[in-house]
Amino acid sequence: MSEKFPQEAKKIMDERFGHDTLLSLATTDQNIPYVRTVNAYYEDGCFYIITYAASDKMKQIDHNPIVAVAGEWFTAHGKGRNLGWFCKKENHEMAQKLRQAFSEWIDNGHNNFDDENTIILCVQLTEGILFSHGTRYDIDFSGN
């Protein structure tokens, strides 16, 4: 039996995506796919994204939380979940990590952290494919 999430794949995911990274995020609305590029931070089988609660992507995720993501030699499916306001107490630890990961641009005026609609989107990965140096890793994130 093969390992669901090989240690080498975990290491590659952390190195490749455990900082500010551009990621394609796909959602659907009435069976029409929508794809956009987002800044994301990876940790423990999840991508974290700062976004706006009233955005089209969040409306689509509220209706159908199944999403797809694609990054550097990586593609996966997952489930999007609104963690709520960036500044709420329960999000403090992740908010600090996102502030550090996105430090180059987080305070450029694009985000209004006083607005409770500025939220953290968590994409909990379910399964994906990662390529690195000629090796393909089929990853089952469910046991993560």
Problem set entry | Contact order relative to length of the range 1-131, as percent, for alpha carbon pairs under 8 angstrom and 6 or more apart | 27 percent
Exercise. Where does the Debye-calculated log10 I(q)/I(0) of the chain sit at q = 0.13, 0.19, 0.22 Å⁻¹, using only Cα point scatterers of equal weight, no solvent?
Worked result: -0.57, -1.15, -1.44
Seminar exercise, completed: the chain accessible area per residue, 1.4 Å probe, protein heavy atoms, integer Å², reads 58 Å²
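For residue 35, what is the net charge nearby, where nearby means another residue's Cβ is under 15 Å from its Cβ and Lys, Arg count +1, Asp, Glu -1?
Values: positive: 36, 57; negative: 29, 56.
Its environment carries a net charge of 0.
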Exercise. In nanometres, what is the gap between the two model label sites at residue 19 and residue 77, each 7 Å from Cα along Cα-to-Cβ?
Worked result: 3.2 nm
For this session: For 41, 52, give the ranking by accessible area with the largest first, probe 1.4 Å.
Result: 52, 41
Exercise. Any idea what the relative contact order of the range 65-144 is, in percent, if you count C-alpha pairs under 8 Å spaced at least 6 apart?
Worked result: 35 percent
Problem set entry | Under 16 Å from the Cα of residue 88 - lysines, other chains or at least 8 residues apart | 97
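Compute the projected area of the convex hull of the Cα atoms of the range 1-65, averaged over all viewing directions, and report it in nm² to one decimal place.
Result: 5.8 nm².
With a ≥ b ≥ c the root eigenvalues of the C-alpha gyration tensor of the range 104-144, is it rounded (a/c under 1.5), prolate (a/b larger than b/c) or oblate? Before the final figure, lay out each step's value.
Details: a/c = 6.18, a/b = 2.14, b/c = 2.88.
Verdict is oblate for the range 104-144.
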For this session: Would you please classify the overall shape of the range 41-117 from the alpha carbon gyration tensor, given that a ≥ b ≥ c denote the square roots of the eigenvalues, rounded means a/c under 1.5, and beyond that prolate means a/b larger than b/c while oblate covers the rest?
Result: oblate
Seminar exercise, completed: Of the accessible area of the range 15-144, computed with a 1.4 Å probe and all protein chains kept, carbon and sulfur make up a percent value of 47 percent
Exercise. By how many nm would the segment from residue 43 to residue 93 grow when fully extended, if each residue of separation counts as 0.36 nm and the alpha-carbon distance is taken off?
Worked result: 16.8 nm
For this session: Return the sequence-ordered ³J(HN,Hα) values of the range 83-94 in whole Hz as given by the Karplus equation 6.51 cos²θ - 1.76 cosθ + 1.60 applied to θ = phi - 60°, using x for Gly and Pro.
Result: 7, x, 3, 3, 8, 5, 3, 5, 9, 4, 4, 5
Seminar exercise, completed: Once Lys and Arg are counted +1 and Asp and Glu -1 for all other residues with Cβ under 14 Å from that of residue 26, the total becomes +1
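Let me have the 222 nm mean residue ellipticity of the chain computed from DSSP H runs of 4+ only, each contributing -39500 (n - 2.57), with the sum over all residues rounded to the nearest 500.
Numbers: 3 runs with 29 residues, N = 144.
Rounded to the nearest 500, it is -6000 deg cm²/dmol.
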Seminar exercise, completed: So, with points 7 Å from each Cα along the Cβ direction, the residue 34-residue 138 label distance in nm works out to 3.3 nm
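The values are calculated or read from the model by the stated rules, or taken from the named source; none is laboratory data. These numbers come from a predicted model, not from an experiment. Neighbour counts run over all protein chains shown; Cβ positions are idealised from the backbone, glycine included. Keep in mind that these areas ignore ligands, DNA and RNA; they rest on the heavy atoms of the full protein, side chains included. Shrake-Rupley method; radii C 1.70, N 1.55, O 1.52, S 1.80 Å.
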